[in-house]
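First up is the structure itself, then whatever we jot down about it.
The values are calculated or read from the model by the stated rules, or taken from the named source; none is laboratory data. Just so we're clear, the structure is a prediction, and the values are computed from it rather than from any experiment. Cβ placement follows ideal geometry from the backbone for every residue including glycine, while neighbour counts extend to all protein chains displayed.
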Ligand SMILES: [Zn+2]
């Protein structure tokens with residue numbers, strides 16, 4: 001687009017335009033949208049998303065901050081190399097790059113993930129009410145993990161042998177932030193099948209954040225989780241494959257072959273890992289992959305919206321097992337032509353009856 | 001949990017032996033290391049003995065742990081073999097007693113990979 005503009009020339013503030021898009025007449029909407037299109041401080045795609053938004057949001061009340069201002073993140077990335085958590089504030093919202101790759105990747109990844117939820121789902125941060133995004137990097141000593149502790153994200157530098165820096169993968173950052181979203185929405189209990197759904201939802205939105213950032217369609221994407229974490233020499237492509245669970249790696253140092261099942265027939269009963277939440281997530285992960293590729297195009301546009309609607313469905317129990325979550329996705333898919341059948345077939349393809 | 005000699009694996013040589021098993025985490029990969037006094041230098045062996053004693057007295061009681069809201073956290077299981085007796089301590093990494101965390105650090109730095117108690121991976125979870 002070659003439209004030139006002067007910063008600050010827009011007389012009507014974006015939040016007023018946004019309100020008009022939401023509540024105005026058809027003529028007023030057209031005018032507001034065309035005005036927004038000229039205002040690069042506001043994303044056109046977001047206004048379009050408002051028009052396309054499905055009516056499945058849990059409540060009709062706008063998030064507190066969204067009514068007053070265009071959605072914007074409030075990020076703080078901390079450097080925890082001193083040993084304490086959260087650590088020393090290293091980059092606050094609006095500050096420039098620090099030169100510390102971990103700090104800057106976390107900052108950018110949080111921004112991508114925030115933008116994903118805000119643009120596609122009109123969601124203002126983790127809690128839907130503008131919650132600050134807090135992340136610590138350089139956590140622990142050669143810590144080979146990333147986690148959500150209930151309030152913030154934590155990323156380690158890796159052990160240096162198998163795992164590198166956990167901020168290296170955008171889908172991992174999206175995965176961790178999504179654990180926060182789940183905590184405020186479906187609150188899926190982190191044990192057994194509901195725990196595997198909690199994990200799967202994080203993998204789904206983690207890879208969607210990455211696919212959207214790269215502009216990859218469902219057909220173009222690799223559907224891998226954590227590909228950038230594995231150091232050279234490790235026998236594997238990634239930690240998980242949503243397309244072909246069980247094929248991501250085969251390395252003795254990782255305990256052998258990727259143990260993820262791709263079908264209910266191979267569901268793993270174990271006491272470890274909260275009942276195998278990172279293992280059995282392979283089943284709903286593949287269901288999402290099958291649905292997204294059957295629907296085609298960009299996975300975040302329809303399949304992503306369907307899964308988000310299920311995650312935010314007020315009727316979904318926190319102890320939901322696979323069939324209950326599957327039913328919620330099929331219900332949500334009814335809003336999109338042809339999607340319900342694709343979603344139903346996807347779950348049936350992994351042995352979950354809906 | 002305490003097991004007495006004869007109920008478990010083969011009798012080890014003299015000294016303290018500790019198996020550290022770490023599960024969960026973002027990767028969901030189980031890692032196991034063994035620390036045997038006989039395999040360590042005098043300084044680390046002394047540290048192992050002290051940490052094993054501290055970890056045993058800092059035992060986390062079952063049901064003592066809050067469910068928590070941590071996702072992708074590690075779980076640590078430490079099997080302490082001292083004087084012919086065997087005890088197991090389990091904790092989430094983020095709220096593990098200090099000596100349990102220290103044993104994990106020592107195991108990652110100086111332990112041998114693998115679990116001598118684990119016969120062909122038959123042990124559940
Ligand atoms: Zn997770």
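With more than 16 Å from the ligand (Cβ to nearest atom) and under 18 Å from residue B:29 (Cβ atoms) as the only criterion, which of A:216, A:211, A:235 stands out? Spell out the reasoning first.
Values: A:216 fails: under 18 Å from residue B:29 (Cβ atoms); A:211 fails: under 18 Å from residue B:29 (Cβ atoms).
It is A:235.
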Just to be sure, is residue A:120 free of Cβ contacts under 8 Å to residues at least 40 places away in the same chain and surrounded by fewer than 23 Cβ atoms within 10 Å (Cβ to Cβ)? no
Selected residue [away from chain B (no Cβ under 14 Å) and within 12 Å of the ligand (Cβ to nearest atom)] from A:204, A:137: A:204
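This table checks each residue for (1) more than 14 Å from every other protein chain (Cβ to nearest Cβ); (2) farther than 22 Å from residue A:123 by Cβ; (3) in a helix (DSSP H, G or I).
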{"site": "A:259", "(1), (2), (3)": "no, yes, no"}
{"site": "A:301", "(1), (2), (3)": "yes, no, no"}
{"site": "A:314", "(1), (2), (3)": "yes, no, no"}
{"site": "A:331", "(1), (2), (3)": "yes, no, yes"}
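Collect the residues in the stretch A:204-226 that are surrounded by fewer than 20 Cβ atoms within 10 Å (Cβ to Cβ) and assigned to a helix (DSSP H, G or I), keeping them in residue-number order. Walk me through it before giving the result.
Of the stretch A:204-226, the ones surrounded by fewer than 20 Cβ atoms within 10 Å (Cβ to Cβ) are A:213-217, A:219-220, A:222.
Answer for the stretch A:204-226, where residues must be surrounded by fewer than 20 Cβ atoms within 10 Å (Cβ to Cβ) and assigned to a helix (DSSP H, G or I): A:213, A:214.
On the given criteria, is residue A:225 within 16 Å of the ligand (Cβ to nearest atom) and out of contact with any strand residue (DSSP E or B) (no Cβ under 6 Å at 6 or more places or on another chain)? Steps first, answer last, please.
Values: within 16 Å of the ligand (Cβ to nearest atom): yes; out of contact with any strand residue (DSSP E or B) (no Cβ under 6 Å at 6 or more places or on another chain): no.
So residue A:225 does not fit the description; no.
From the list B:27, B:92, exactly one residue is within 16 Å of the ligand (Cβ to nearest atom), at pLDDT 95 or above and within 14 Å of chain A (Cβ to nearest Cβ). Which is it? Full working, then the answer.
Details: B:92 fails: at pLDDT 95 or above.
From the options B:27, B:92, the qualifying one is B:27.
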Evaluate the following for residue A:281: is it touching a strand residue (DSSP E or B) at 6+ places or on another chain (Cβ under 8 Å), facing chain B (nearest Cβ under 9 Å) and crowded, with 24+ Cβ neighbours inside 10 Å? yes
Can you tell me which condition residue A:327 does not meet? The list is (1) under 26 Å from residue A:127 (Cα atoms); (2) part of a loop (DSSP other than H, G, I, E, B), and all the others hold. (2)
